[in-house]
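The values are calculated or read from the model by the stated rules, or taken from the named source; none is laboratory data. This structure is a prediction, so every number in the text was calculated from the model and none was measured. Every residue, glycine as well, gets a Cβ built from its backbone with ideal geometry; the counts of neighbours run over all protein chains shown.
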Amino acid sequence: MKIYAYGFPRIGINREYKKVIEDYWKDEVDEEKVIGVLSNIQKQQIEIYTKYVDTFPQGEISFYDPMLDTTILSGIYEPKNLKEYYELSRGMKALEMTKWFNTNYHYLVTDFSKIKNPSFKVNLENIAVQFKKCSFPQFIGPFTFLKLSKGIDKKDFPDLFLNLINVYREILSNYKQAQIDEPAFVMDLEKDEISLIKKGYNSLGDLKCKVTLMTYYSSVDFIEDLLSLPVSAIGLDFVHDKTNYEYILEKGFPEDKILIAGLVDGRNVWKEDIYNAVSKLKILSKKVTNLMVSNAAPLYHLPISTAFENKMDVNLKKVLSFATEKLEELKTIGLCFEDKKETPEKYVLGSYGRNDEVQKRIDTLKQEDFVKKVSYQERRKIQDKLLNLPLFPTTTIGSFPQTGEVRKKRKSYLKKEISFEEYKAFIRSEIDKVIKFQEDIGLDVLVHGEFERTDMVEFFAQKLSGFVTTQNGWVLSYGTRVYRPPIIFGDISRPNPMTIDEIKYAQSKTNKTVKGMLTGPVTILAWSYYREDIPIENIAYQLALSLRDEILDYEKEGIKIVQIDEPAFREKAPIKKRDWKGYFDWAIKAFNLTTNISPEIQIHTHMCYSEFGEIIDYINKMDFDVISIEASRSKGDIIESFEGIDFKHQIGLGVWDIHSPIVPSVEEMMDIVKRALQKISKENFWINPDCGLKTRNWEETRSSLSNLIKLAKKLRDEI
Ligand code: GLN
Ligand code: ZN
């Protein structure tokens, strides 16, 4: 049995990817140095692959993002050097960023509406794609690239696609073999799109290049057509759901092609059930002449190796498998298939980390736990009286600039260079400053600034039971940005209050209302790895109950507003719309369970990073009082979608795009508000930035917020 693998993380064993690129941005190293380090990472990758697998593509390295590389490869952008390449990635001229399928990776989006007469041409000589100059390169496919771009008129799509196919033809004619990733094939596609894919790919039939067409993240609805495309090998995901597998068992697989059977999970961290994988492979081998086994999704959604986790409980580490271990498992599957190795026993977590009390809480949940007793309209009256806020109340989303000093103090504390008391005193002094700042500038609802938090999920994972966080489990989120997804290994509970101390302290420093700040259950789940033998909704409800306990503690301390951040609410939705109902059912219930508390506490939620128009009906079923939602980049759409529904709650449309260093003027923010006020009543309108201010500096924050306050004053005067 031959083994195939792809998508190994590009972060480097010591995160050298991040380091060298960021040094380059700081002008500390030159282009050559970056290329050198990235080449070394590629060498590392190849060494690891070679140890375990037979076949793998190369050129999976990118200087920032493979989707950006694709737009360059096809001649849309032509950066002349790395400096120009990074201008497309970050800063003022950068392309917009959005989530890659339902993962927490973000890619750079090519907006065709910004390109005059787009035409494609082969741009293989560009510095950005130099890693593609190898014997078996990997590319993002033309369909996926265009489907995930924006600003393409539906009627222009076919021509653009066929033109792009011609460019790929030219590219591929340089190679003997290549891997082409078309994950967009697993989306809900229209008949026209499928015909187009057929037309395009069929026109490549005479090429000598052996193409491996890779699909992943889910099953392909047009599998019959897919299997007829003139390529050498086709990769299918057999992990996400059973559809692909059942199709092959029933209908077989063309004899002239290789089936690359994705049997090892690329998106979760648990050891495979080798026996099960081998059995499936044996059944497949009766139906399929040419068969290889591989990972079912690119491995970059996983950290590099569990070998670097030396503080973890061995009983847990034993059942974990990161990217390198996945390769090892692929090799084992191959050997077991050929009876060259005895099938290892199945690793199970079983009762590890389970907690009867928590399970009992879940088992005894009743329908009414998910439904608030007091309606929004009634709550509004109660809260208006208690909060006494002006028209167009102003607030921020939670975090304030995480300065070098804040990060340095946290580091010294983690390294035990300073004591807990000293660290706590430092955080308190930051809270003092930020409360005073907000009072001086005139905000209505204050926050404590989140200085104690590194990451909005890891922070809670470290305080909840049932979670473990890793030392070195870094995963790329976008560009050079890395995060360490926590692992949910058992039932979740809250042994101690998590955020009360800071919020209570902040509230004690002001007469204005301070918002409590929590990350919501869906987002914590979306950005963690979790067990698959516990129903996902139960994990979400466990989180919900723990967070609700926290809100009950806020209530005891007299906190009047609590914000539940759910930036991953849209992202976690399945790729196929037919699976949406099942997901949103539990996701909405989890949110409503979290916030099912006294009507006197005003519940805010916050969402960002996504297009919300298509999930507006689901958002409307979440029983919050106020939602702050990103809007400053895609203004029109979101406002229109609120018009279409009966939306009664209060809303804060983000009027300041905090992902940009530009200070917004009162006038441009006023434009957004004026447009929104045609659809949303003024009594329901809050004024706020579109996300947390963690990544901004103080100067930008001061100027932008002061404009934001001016805006609110102007609005109050005018109306
Ligand atoms: N409260 C968080 C912050 O302000 C929200 C972050 C987010 O939405 N991603 O940083
Ligand atoms: Zn946000």
Selected residue (only one of F426, F392, F437 is surrounded by 15 or more Cβ atoms within 10 Å (Cβ to Cβ), within 30 Å of K512 (Cα to Cα), touching a strand residue (DSSP E or B) at 6+ places or on another chain (Cβ under 8 Å) and hydrophobic (A, V, I, L, M, F, W, C)): F392
Hits in the stretch 452-461 (condition: in a loop (DSSP other than H, G, I, E, B) and either under 24 Å from H106 (Cβ atoms) or touching a strand residue (DSSP E or B) at 6+ places or on another chain (Cβ under 8 Å) (or both)): R453, T454, D455, M456, V457
Filter result (crowded, with 16+ Cβ neighbours inside 10 Å and either of a type in the set (A, V, I, L, M) or under 24 Å from the mean Cα position of the chain (by Cα) (or both)) within the stretch 168-193: I171, L172, A178, I180, D181, E182, P183, A184, F185, V186, M187, L189
When residues of the stretch 688-703 are limited to those that are surrounded by fewer than 24 Cβ atoms within 10 Å (Cβ to Cβ) and of a type outside the set (D, E, K, R), the one nearest to ligand 2 (Cβ to nearest atom): T695
Top-ranked residue in the stretch 596-614 [being among the β-branched types (V, I, T) and either within 16 Å of ligand 1 (Cβ to nearest atom) or touching a Pro at 6+ places or on another chain (Cβ under 6 Å) (or both); ranked as nearest to I561 (Cα to Cα)]: I603
I658 vs. criteria in contact with a strand residue (DSSP E or B) (Cβ under 9 Å, 6 or more places away or on another chain), within 16 Å of ligand 1 (Cβ to nearest atom), closer than 17 Å to I672 by Cα and modelled with pLDDT of 85 or more: yes
Odd one out for I627 among (1) buried (at least 20 other Cβ atoms within 10 Å of the Cβ); (2) of a type in the set (A, V, I, L, M); (3) more than 16 Å from ligand 1 (Cβ to nearest atom): (3)
Contacts under 8 angstrom Cβ, first residue in the stretch 557-570 being in contact (Cβ under 8 Å) with a residue 40 or more places away in the chain and within 14 Å of I397 (Cβ to Cβ), partner away from ligand 2 (no atom under 11 Å from the Cβ) and among the charged types (D, E, K, R), 6 or more apart: I561/K515; V562/K515; Q563/K515
Restricting the stretch 279-295 to residues that are over 13 Å from L236 (Cα atoms) and polar (S, T, N, Q), the residue that is nearest to the chain's Cα centre (by Cα): S279
Residues (closer than 30 Å to Q44 by Cβ, in a loop (DSSP other than H, G, I, E, B) and in contact with a strand residue (DSSP E or B) (Cβ under 7 Å, 6 or more places away or on another chain)) located in the stretch 327-354: none
G558 being more than 16 Å from ligand 1 (Cβ to nearest atom) and either hydrophobic (A, V, I, L, M, F, W, C) or farther than 30 Å from M670 by Cα (or both): yes
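Conditions (1) within 30 Å of T215 (Cα to Cα); (2) surrounded by fewer than 21 Cβ atoms within 10 Å (Cβ to Cβ); (3) without any contact (Cβ under 8 Å) to a residue 40 or more places away in the chain, marked per residue:
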site	(1), (2), (3)
Y300	yes, no, no
T306	yes, no, yes
K311	no, yes, no
V314	no, yes, yes
A323	yes, no, no
Y352	no, yes, no
K372	no, yes, no
Residue in the stretch 672-682 that is within 16 Å of ligand 1 (Cβ to nearest atom) and touching a helix residue (DSSP H, G or I) at 6+ places or on another chain (Cβ under 9 Å) present: no
Any hit, the stretch 492-505, residues being more than 30 Å from L443 (Cβ to Cβ), crowded, with 22+ Cβ neighbours inside 10 Å and either touching a helix residue (DSSP H, G or I) at 6+ places or on another chain (Cβ under 8 Å) or of a type in the set (G, A, S) (or both): yes
Criterion (out of contact with any Phe, Trp or Tyr (no Cβ under 8 Å at 6 or more places or on another chain) and surrounded by fewer than 17 Cβ atoms within 10 Å (Cβ to Cβ)) met by exactly one of K198, K147: K198
S641 vs. criteria under 17 Å from Y609 (Cα atoms), within 16 Å of ligand 2 (Cβ to nearest atom) and at pLDDT below 95: no
Condition met for K210 (under 20 Å from G7 (Cα atoms) and either surrounded by fewer than 17 Cβ atoms within 10 Å (Cβ to Cβ) or basic (K, R) (or both)): yes
Every residue from the stretch 600-611 that is within 12 Å of ligand 2 (Cβ to nearest atom) and more than 21 Å from D553 (Cβ to Cβ): M607, C608, Y609, S610
Hits in the stretch 391-429 - residues which are closer than 27 Å to I627 by Cα, of a type outside the set (S, T, Y) and within 16 Å of ligand 1 (Cβ to nearest atom): I397, G398, F400, P401, Q402
Candidates E328, E345, filtered to the one that is in contact (Cβ under 8 Å) with a residue 40 or more places away in the chain and either surrounded by fewer than 21 Cβ atoms within 10 Å (Cβ to Cβ) or of a type in the set (G, A, S) (or both): E328
Elements of type strands (runs of 3 or more DSSP E) contained in the stretch 463-571, each with 3 or more residues being modelled with pLDDT of 95 or more and within 16 Å of ligand 2 (Cβ to nearest atom): 513-519, 561-565
Single residue of the stretch 371-390 satisfying the filter (outside any helix (DSSP H, G or I) and among the charged types (D, E, K, R)) that is farthest from ligand 1 (Cβ to nearest atom): K373
